[in-house]
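J.: This structure is in structure tokens; I'll ask about it shortly.
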């Protein structure tokens, strides 16, 4: 099983990107909102991601939200307003509403995650590959972007509770046609993950999968629990 220990800088940047995209459960977003107020460096990171994402919306016209969404959002906003001060501006709300008409929320969030990783890539980055890990007929769980040249992969949760499940772990697997699943490590509970894929696993016909395992990952080196979701890797 792979060991993944992101640097504090990576963690902060990923959390800032998630917050700028409006991802995360209500409790986690309230915690990050408090940090946004008190931590100048984190606030700068969030503002940087908002500035990166804003041009992507330049040609997108607002659309009417699906029935029932407005009432749900208003209820959540009322709850959030009681828990934290009002934000200084409504840029993130504008981002969310403008994107509502582009597809279902799970795939929308996954698409935005892919966009923010692409925007962040330095000049000279290799060809990019993506995957949306989703349950069969269900919502997206994780979005992945892979640099095909270096094997560096970034995974962001888009439909996973921020608190995680202390009794289980989400383990990531790479599967090539005709091959056995190969563990890539255990996903941080509700958090993002960066890793370098082992040589020989970066291929256009690779599938990423998430299985439900005991804390710490599979004891056998092979999936032992149910498959939570799969996603085919595709070139951009």
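The values are calculated or read from the model by the stated rules, or taken from the named source; none is laboratory data. Note that the structure is a prediction, hence the values are computed from the model and not measured. Positions of Cβ are generated from backbone atoms using ideal geometry, with glycine treated the same way; all protein chains shown enter the neighbour counts.
J.: Could you count how many residues in the range 167-189 are surrounded by fewer than 17 Cβ atoms within 10 Å (Cβ to Cβ) and either without any contact (Cβ under 8 Å) to a residue 40 or more places away in the chain or more than 13 Å from residue 216 (Cβ to Cβ) (or both)?
T.: Matching residues across the range 167-189 total 5.
J.: Restricting attention to the range 21-33, which residues are part of a helix (DSSP H, G or I) and surrounded by 13 or more Cβ atoms within 10 Å (Cβ to Cβ)?
T.: Matches in the range 21-33: 21, 28, 29, 30, 31, 32, 33.
Residue by residue, here is whether (1) outside the structural domain of residue 230 (by TED's automatic domain parsing); (2) assigned to a loop (DSSP other than H, G, I, E, B); (3) at pLDDT 85 or above holds:
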residue	(1), (2), (3)
118	yes, no, no
142	no, no, yes
150	no, yes, yes
156	no, no, no
162	no, yes, no
170	no, no, yes
173	no, no, yes
185	no, no, yes
190	no, yes, no
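J.: From the residues in the range 192-219 that are farther than 19 Å from residue 135 by Cβ and outside any loop (DSSP other than H, G, I, E, B), which one is modelled with the lowest pLDDT?
T.: By that ranking, first place goes to 194.
J.: Six or more apart or on different chains, Cβ under 8 Å: which pairs go from a residue in the range 37-60 that's more than 17 Å from residue 22 (Cα to Cα) to one that's surrounded by 15 or more Cβ atoms within 10 Å (Cβ to Cβ) and modelled with pLDDT under 70? Could you list them?
T.: Short answer, once both residue conditions are applied: 60/98; 60/99.
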